[in-house]
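Contents: one structure, followed by commentary.
The values are calculated or read from the model by the stated rules, or taken from the named source; none is laboratory data. Just so it is clear, the structure is predicted and the values come from calculations on it, not from any experiment. Because the Cβ atoms are built from the backbone with ideal geometry, glycine has one as well, and the counts that use them run over all protein chains shown. Ligands, DNA and RNA are stripped out before the accessible areas are found, and what is left, the full protein with its side chains, is counted by its heavy atoms. Shrake-Rupley method; radii C 1.70, N 1.55, O 1.52, S 1.80 Å.
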Amino acid sequence: MPPQTQAEEAAIVASGIAAFNSEMEQGSGGKEADGGRDSAFTMKSLLWHGGSAWDAWFSCASNQVAQVLLTLPYSFSQLGMLSGVILQLFYGIMGSWTAYLISVLYVEYRTRKEMENVSFSNHVIQWYEVLDGLLGRYWKAAGLAFNCTFLLFGSVIQLIACASNIYYINDRLDKRTWTYIFGACCATTVFIPSFHNYRLWSFLGLGMTTYTAWYLTIAAVVHGQAEGVAHSGPTKLVLYFTGATNILYTFGGHAVTVEIMHAMWRPQKFKYIYLLATLYVFTLTLPSAAAVYWAFGDQLLTHSNAFSLLPRSGWRDAAVILMLIHQFITFGFACTPLYFVWEKVIGVHDTRSICLRALARLPVVIPIWFLAIIFPFFGPINSAVGALLVSFTVYIIPALAHMLTYRTPSARQNAAEKPPFFLPSWAAMYAVNAFVVGWVLVVGFGIGGWASMTNFIKQVDTFGLFAKCYQCPKPQPPPAPAPQQHH
């Protein structure tokens, strides 16, 4: 490319970036942007119209540790203490890196569209649209398929977790019946328009998981080690890689990154928010998983929900109730992008009628409800979803997309976001991205997929599909009548 033409192109891109930044100063182009621009302080803006960097941080941290907090001790029993800690740190940093890549690609896509005078008023940008705009329709299809399937099963997992948790407070109903009940409750998330409107819920949700994590830690330490406790993990490759993929799943919660960014008034501030959220999440996941595994050891191999081994108390009941509320919130987080996709398919995404959109969204909930009843395997399903879906959705596809988007010198020169200060070389970024793709493809999807599906099939063989009460204690037989005395 001649130097003059290259300079002109760079000037055009620079003006486009300036225009994009100017618009972001005024407020995001999403559905609720007008709420962010209201100067007058109102209770509605305080509780309903979120869009700040703090809102994004609360959303990321709250969404990252939902029910998986209760299955991490189970993963530690499969991995052993040392591997459990190392893999949490490893996948937490890797997840933060790919979330950063997604944010960079969003800004790149948004900048290019702003240069073309495309308006996103009353339209929520989604990940598959970013892939379509940057790399074409085949990437759009791949992003749409993996992202929607992951979010679908992510919502399924929240329903399963609700039924599993409430059973430890009220076991008069079996877990399948509780799934019916909570499916109806979670369907009310159709009335929440977008991620702008999760401001209060995100704040409360993080408080709930913080309480639960520290309850697990303190309760396990106070309980002390169970009699005859053993810490034999890792013992089998299948269990080891099943536990590893559950941790891969734990830090792969950024399938909703683009939607959270689009809800921000200044999306370019998002770059390091996910990393900061992950650092906080470490303070919840590491102490709780380590303490519960220390206390109960190998018993966790047959108790995938940490609540099942802790003695019932008011503190535990409070933690169960708070996690139930939080799972309702996380169900909404996972389902909202699916709602957006469905709205766009049937042509109601642009309407401002909350009731019409809520009615249109209801068909999305039905298959989630049904799948939660078919596969009620709390714990093993996390690993299967992590290996088969999370591996591509939030690790492999973002890394590959970043490499291909900036594969040419002109794309790198005109990039809306340059390499970060801690990795200022494009070659270094390519090396890190290549490592992420290779590692997750071989260890996460390949070996992890084999291990998690082997374990998942074992659960199906043991409990069957449509299991009425997965891992429920068997009812005790009635005592035999005392022999009658003959005189």
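Numerical summary
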read-out: The one condition in (1) out of contact with any Leu (no Cβ under 7 Å at 6 or more places or on another chain); (2) free of Cβ contacts under 8 Å to residues at least 40 places away in the same chain that Asp174 fails to fulfil; value: (2)
read-out: Qualifying residue in region 116-134 (condition: assigned to a helix (DSSP H, G or I), open to solvent by 40 Å² or more (accessible area, probe 1.4 Å) and in contact (Cβ under 8 Å) with a residue 40 or more places away in the chain); value: no
read-out: Cys162 vs. criteria at pLDDT below 90 and crowded, with 20+ Cβ neighbours inside 10 Å; value: yes
read-out: Subset tally (residues that are of a type outside the set (S, T, N, Q) and either part of a helix (DSSP H, G or I) or modelled with pLDDT under 85 (or both)) for region 264-279; value: 9
read-out: Subset of region 104-159 [closer than 27 Å to Leu69 by Cβ and of a type in the set (Val, Ile, Thr)]; value: Thr149, Val156, Ile157
read-out: Selection count, region 146-159, where residues are open to solvent by less than 20 Å² (accessible area, probe 1.4 Å) and aromatic (Phe, Trp, Tyr); value: 1
read-out: Neighbours by Cβ (under 7 Å, 6+ apart or cross-chain): first from region 202-221, in contact (Cβ under 8 Å) with a residue 60 or more places away in the chain; second among the charged types (D, E, K, R) and outside any helix (DSSP H, G or I); value: none
read-out: Any hit, region 111-134, residues being modelled with pLDDT under 85, in contact with a Pro (Cβ under 8 Å, 6 or more places away or on another chain) and of a type in the set (Val, Ile, Thr); value: no
read-out: Residue in region 440-449 that is least open to solvent (accessible area, probe 1.4 Å), counting only those that are touching a residue at least 60 places away in the same chain (Cβ under 8 Å) and either of a type outside the set (Gly, Ala, Ser) or touching a strand residue (DSSP E or B) at 6+ places or on another chain (Cβ under 7 Å) (or both); value: Val440
read-out: Whichever residue in region 49-72 is part of a loop (DSSP other than H, G, I, E, B) and in contact with a Gly (Cβ under 7 Å, 6 or more places away or on another chain) and, among such residues, is least open to solvent (accessible area, probe 1.4 Å); value: Gly51
read-out: Ile368 being in contact (Cβ under 8 Å) with a residue 40 or more places away in the chain, over 28 Å from Gly80 (Cα atoms) and in contact with a helix residue (DSSP H, G or I) (Cβ under 9 Å, 6 or more places away or on another chain); value: yes
read-out: Residue in region 280-303 that is in a loop (DSSP other than H, G, I, E, B) and closer than 22 Å to Ser383 by Cβ present; value: yes
read-out: Search result, residues across region 77-96 that are in contact with a His (Cβ under 9 Å, 6 or more places away or on another chain) and either assigned to a helix (DSSP H, G or I) or buried (at least 24 other Cβ atoms within 10 Å of the Cβ) (or both); value: Ser77, Met81, Gly95, Ser96
read-out: Some residue of region 319-341 being assigned to a helix (DSSP H, G or I), out of contact with any helix residue (DSSP H, G or I) (no Cβ under 8 Å at 6 or more places or on another chain) and not aliphatic (A, V, I, L, M); value: no
read-out: Of all residues in region 371-396 being open to solvent by 10 Å² or more (accessible area, probe 1.4 Å) and more than 24 Å from His303 (Cα to Cα), the one that is farthest from the chain's Cα centre (by Cα); value: Phe392
read-out: Any hit, region 440-456, residues being more than 23 Å from the chain's Cα centre (by Cα), under 20 Å from Leu389 (Cβ atoms) and among the aliphatic types (A, V, I, L, M); value: no
read-out: Ala360 vs. criteria on the phi < 0 side of the Ramachandran plot, buried (at least 18 other Cβ atoms within 10 Å of the Cβ) and part of a loop (DSSP other than H, G, I, E, B); value: no
read-out: Number of the exception - Thr235 against (1) at pLDDT 90 or above; (2) out of contact with any Asp or Glu (no Cβ under 7 Å at 6 or more places or on another chain); (3) more than 20 Å from Phe445 (Cβ to Cβ); value: (1)
read-out: Residue in region 326-349 that is closer than 14 Å to Gly183 by Cβ, under 15 Å from the mean Cα position of the chain (by Cα) and open to solvent by 40 Å² or more (accessible area, probe 1.4 Å) present; value: yes
